[in-house]
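Right, one structure below, let's go through it.
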Amino acid sequence: MKTQIISTEAGDARITWHPARQPRLVLAVSHGAGGGIEAGDLQALARVLPGHGVSVALVEQPWRVAGKKVAPAPKTLDVGWRGVWPSLEEPGLPVISGGRSAGARVACRTAVELGAAAVLALSFPLHPPGRPEKSRAGELLGSGVPTLVVQGGNDPFGKPEEFPDGAFELAEVPFGDHGFVVPKRAQITQEEAVTVITDAVVKWLGSLG
């Protein structure tokens, strides 16, 4: 594991690398608007994927590195993501652009422009809770590259059945909320829920060639 500080036009970002021994891909994945790279799903991917030939770069947006508690506007998030991209490409491998929640939106919005090989959208916030009319489906449908959405079955930002038809794959984490947390009474354990996530991502990445 190694850490890099990258200067961007939005401030300093930080990349924490979890390298594979013989990598064939890089998965660059960022956090949401309410948390950082300590999120359980991001940490699970960083643990599991290097064993499958995928180096994982956990990216902290400049606002998190600066210690701020509130994320800036989407355009500023895009600026930070663009700023780290050259460092993600340095290993010379195809880069999968990923993120959870707000980070998933960034990945979708910038994928074609940055030349991402694919997009991994964790807990894509299809709409604000209770406001399905405020749909962000256009960002997801416009990613322009192979896309996998991993969504909790009880995500208030958009349940799997609310997603439109489109050129993306969707994997459901049963009973999971926006953070993929499952209630104690659920028919799967928290550990099993995390395994659903990592298994779905491993299978999808394998299908990308």
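Counting only C-alpha contacts under 8 Å and six or more residues apart, can you give the relative contact order of the chain as a whole percent? Let's see the in-between values first.
Numbers: 461 pairs, mean separation 34.5, N = 209.
Relative contact order comes out at 17 percent.
In whole Hz, with x marking every Gly and Pro, tabulate ³J(HN,Hα) for region 144-150 from phi via Karplus 6.51 cos²θ - 1.76 cosθ + 1.60, θ = phi - 60°.
x, 9, x, 9, 10, 9, 10
Write down the percent of antiparallel bridges among all DSSP beta bridges whose residues are both part of the chain, to the nearest 5. Don't skip to the answer; put the middle values down first.
Working: 12 of 37 bridges.
For the chain, the DSSP antiparallel bridge percentage is about 30.
Going through region 1-97, which GluC sites (Glu not before Pro) have at most 11 other Cβ atoms within 10 Å and a DSSP loop state?
Values: sites: Glu9, Glu38, Glu60, Glu89; in loops: Glu9, Glu38.
Those that pass, being in a loop and sparsely packed, are Glu9, Glu38.
Not counting the cut sites, what is the longest span of the chain without trypsin sites (Lys or Arg not before Pro) that DSSP labels loop and that have at most 16 other Cβ atoms within 10 Å? Write down the numbers at each step before the final one.
Numbers: sites that count: Arg21, Arg24, Lys68, Lys69, Lys134, Lys184, Arg185.
Longest gap between qualifying sites, sites excluded: 70-133.
Taking the inverse of the average 1/r across all pairs of different Cα atoms in region 101-185, what Kirkwood radius in Å do you get?
Working: mean 1/r = 0.0782 Å⁻¹.
Kirkwood hydrodynamic radius for region 101-185: 12.8 Å.
What distance in nm lies between label points placed 7 Å from Cα along the C-beta direction at Glu133 and Gln190?
Spacing of the two 7 Å Cα→Cβ label points: 3.8 nm.
Could you tell me what percent of the accessible area of region 1-67 is made up of carbon and sulfur, with a 1.4 Å probe and every protein chain present? Present the calculation step by step, with values, prior to reporting the outcome.
Values: 1370 of 2950 Å².
Its accessible area is 46 percent carbon and sulfur atoms.
What accessible area per residue comes out for the chain, rounded to a whole number of Å², with a 1.4 Å probe?
Working: 9580 Å² over 209 residues.
In whole numbers, the chain has 46 Å² accessible per residue.
Take every Cα-Cα distance within region 5-122, group them into 10 Å bins from 0 onward, and report for each bin the whole-number percent of pairs it holds.
That works out to 16, 53, 29, 3, in percent per bin.
Given H placed 1.01 Å from N in the peptide plane, which residues other than close sequence neighbours of Val173 have an amide H under 5 Å from its amide H?
It is Gln151, Gly152, Gly153, by chain and number.
Ordered by residue, what ³J(HN,Hα) values in Hz, to whole numbers, does region 115-120 give under the Karplus form 6.51 cos²θ - 1.76 cosθ + 1.60, where θ = phi - 60° and Gly and Pro are x?
Couplings: x, 5, 6, 6, 10, 10 Hz.
Considering every pair of different Cα atoms, what Kirkwood radius, in Å, is found for region 144-209?
Numbers: mean 1/r = 0.0805 Å⁻¹.
Across region 144-209, the inverse of the average 1/r is 12.4 Å.
Which entry in [x] 16.8; [y] 19.0; [z] 18.5 matches Kirkwood radius over Cα pairs in Å derived from the coordinates of this structure?
Computed from the coordinates, Kirkwood radius over Cα pairs in Å corresponds to [x].
Is the C-alpha gyration tensor of region 56-117 telling us rounded, prolate or oblate? Criteria: a/c under 1.5 is rounded; beyond that, a/b larger than b/c is prolate, otherwise oblate.
Numbers: a/c = 2.04, a/b = 1.55, b/c = 1.32.
Taking the square roots of the gyration eigenvalues as a ≥ b ≥ c, region 56-117 is prolate.
The values are calculated or read from the model by the stated rules, or taken from the named source; none is laboratory data. All of these numbers come straight from a predicted model, not from anything done at the bench. When we count neighbours, we look across all protein chains shown, and the Cβ atoms used for this are built from the backbone with ideal geometry, even at glycine. These accessible areas exclude ligands, DNA and RNA; they are computed on the full protein's heavy atoms, side chains included. Shrake-Rupley method; radii C 1.70, N 1.55, O 1.52, S 1.80 Å.
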